[in-house]
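Here's the structure, in structure tokens; my notes come after.
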Amino acid sequence: MRTQILVSAIIFAAAHFPEGIAVGVSAGVIGGLYFGFAYAHWRRHSRWRAFWVTTLVHAIHNLSLIHISE
């Protein structure tokens, strides 16, 4: 499980590094570890639930940042 979470965090961070080092580290690494853990946790129930819980948490997080930045 640790390897899966780390790999997903690295991929998530890589997707955020074009926004800058600070975003890559904060959103990518910290967020990636959190979302990877959330997915792994909910995966015990089902892939469907893991996908949607992780997706909704990510969407809510992004919406909260849009509101703050305006």
When segment 1-21 is checked residue by residue, the ones that are surrounded by 11 or more Cβ atoms within 10 Å (Cβ to Cβ), over 12 Å from the mean Cα position of the chain (by Cα) and assigned to a helix (DSSP H, G or I) are Q4, F17, E19
When restricted to F51, F35, the only residue touching a residue at least 24 places away in the same chain (Cβ under 8 Å) and outside any loop (DSSP other than H, G, I, E, B) is F35
For W52, the lone unmet condition from (1) open to solvent by less than 100 Å² (accessible area, probe 1.4 Å); (2) on the phi < 0 side of the Ramachandran plot is (1)
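May I ask you to verify whether W42 is within 15 Å of M1 (Cβ to Cβ), assigned to a helix (DSSP H, G or I) and hydrophobic (A, V, I, L, M, F, W, C)? Spell out how you get there, then give the answer.
Details: within 15 Å of M1 (Cβ to Cβ): yes; assigned to a helix (DSSP H, G or I): yes; hydrophobic (A, V, I, L, M, F, W, C): yes.
Here the answer is yes, as W42 does meet what is asked.
For segment 30-49, which residues satisfy the criterion of being open to solvent by less than 60 Å² (accessible area, probe 1.4 Å) and either of a type outside the set (S, T, Y) or in contact with a helix residue (DSSP H, G or I) (Cβ under 8 Å, 6 or more places away or on another chain) (or both)?
Going residue by residue through segment 30-49, those that are open to solvent by less than 60 Å² (accessible area, probe 1.4 Å) are 31-32, 35-36, 38, 40, 46.
Those that are open to solvent by less than 60 Å² (accessible area, probe 1.4 Å) and either of a type outside the set (S, T, Y) or in contact with a helix residue (DSSP H, G or I) (Cβ under 8 Å, 6 or more places away or on another chain) (or both): G31, G32, F35, G36, A38, A40.
The values are calculated or read from the model by the stated rules, or taken from the named source; none is laboratory data. What you see is a predicted model, and the numbers here were worked out from it, not measured in a lab. Counting neighbours? That spans all protein chains shown, and the Cβs are built from the backbone with ideal geometry, glycine included. Note: accessible area is taken over every heavy atom of the protein model, side chains too, but ligands, DNA and RNA are not part of it. Shrake-Rupley method; radii C 1.70, N 1.55, O 1.52, S 1.80 Å.
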